[in-house]
Amino acid sequence: MESKEAVKLLGFWVSPFSFRVEWALRLKGVEYEYIEEDILNKSPLLLEVNPVNKKVPVLIHGDKVILESFIILEYIDETWKQFPIMPQDPYDRAMARFWAKFAEEKFRKSASRACTEGEDKEAYLKEAVECLEKIEQELIKGKSKFFGGETIGYLDIAIGWISYWLPVWEEVGFTTIVDPIRFPATAGWAENFRNDPVVKDKLPPRDKMVVYYQWQSKKIGAQRTSARKG
């Protein structure tokens, strides 16, 4: 029986990790209270429920506190059974987790660094493109609208940042990673994903994102310059 306890989500307006959780909750039709966090002035609630990492997202379900977006996604899927997002086949489930981890630990990090000022920008760009080639092949192999078939699933939600955040990073960094000619399957998936009703109305304002990431890029560049001088 599905729980009727109150659901709260602590997030940050530009965090793709927070949006992953919101997309999953919306897909499941779960009512929740969203609480915006100021990452520069963290609330007493955030410090109470996540005292070690002090990061968002945090899902509070009744008296349960769940941390880390991937763990939260699986908790949501297990708690609210309607519209499963995890593949039912054990092998497919393991592969979805593998690709989610690959995109998070390899592709996202190299892509974000490729779009930031720095001496290693070209090296990170090369690594990002190589990672995307692997993701593209996985999409082509599936030959469907989304990774999980014709409807959004766990892996789509896990790497949804590619569809909306990555183009902003590319603009800020004057870089192209997802060339639609070279990566047509990824470009097609990205358009399908960000235009899905679950996602389309739950995205941060693009103009505001550009300003934020421009500020962040300059901040990182200044830190690297200072570190070299030091």
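Per the Debye calculation on the range 146-211 with a single equal scatterer at every Cα and no solvent contribution, log₁₀ I(q)/I(0) for q = 0.15, 0.18, 0.25, 0.29 Å⁻¹ amounts to -0.48, -0.69, -1.18, -1.34. Every helix of 4 or more DSSP H residues in the chain counts as -39500 (n - 2.57), and over all residues that averages to -17000 deg cm²/dmol at 222 nm. Taken over the alpha carbons of the chain as equal point scatterers, the Debye sum produces base-10 log I(q)/I(0) values at 0.08, 0.09, 0.10, 0.11 Å⁻¹ of -0.31, -0.39, -0.49, -0.59.
Sorted from longest to shortest, the spans of the Cα atoms of the range 71-156 along the three principal axes equal 48, 28, 19 Å. Given the options Val129, Val65, Val21, which has the most mean-square fluctuation in a GNM of the chain, springs set between C-alpha atoms less than 10 angstrom apart? The residue that fluctuates most here is Val65. Rounded to the nearest Hz, the phi-derived 3J(HN,Hα) couplings of the range 19-28 under the Karplus curve 6.51 cos²θ - 1.76 cosθ + 1.60 (θ = phi - 60°) are 5, 3, 5, 4, 4, 5, 4, 5, 4, 7, where x marks glycine and proline. The alpha carbons of the range 1-103 stretch over 43, 34, 21 Å along the principal axes, in descending order.
Excluding Phe193 itself, what net charge comes from residues whose Cβ is under 13 Å from its Cβ, given Lys and Arg +1 and Asp and Glu -1? Residues close to Phe193 contribute a combined charge of +1. Anything over 22 Å Cα to Cα? Flag those among Lys106/Lys134; Lys28/Lys54; Lys55/Lys219; Lys8/Lys81; Lys126/Lys208, in the order listed. From Lys106/Lys134; Lys28/Lys54; Lys55/Lys219; Lys8/Lys81; Lys126/Lys208, over 22 Å: Lys28/Lys54; Lys126/Lys208. Counting protein heavy atoms only, the range 36-142 has 55 percent of its accessible area on carbon and sulfur, 1.4 angstrom probe. Taking the Cα centre of the chain as origin and assigning +1 to Lys and Arg Cβ atoms and -1 to Asp and Glu Cβ atoms, the resulting dipole is close to 540 debye.
Taking only the C-alpha atoms of the range 44-97, Rg followed by Dmax gives 13.5, 41 Å.
The values are calculated or read from the model by the stated rules, or taken from the named source; none is laboratory data. Since the model is a prediction, treat every value here as computed from it, not as a measurement. Note that we place each Cβ from the backbone using ideal geometry, even for glycine, and neighbour counts take in every protein chain shown. Each accessible area value is taken on the protein alone, full model and side chains, heavy atoms only, with ligands, DNA and RNA left out. Shrake-Rupley method; radii C 1.70, N 1.55, O 1.52, S 1.80 Å.
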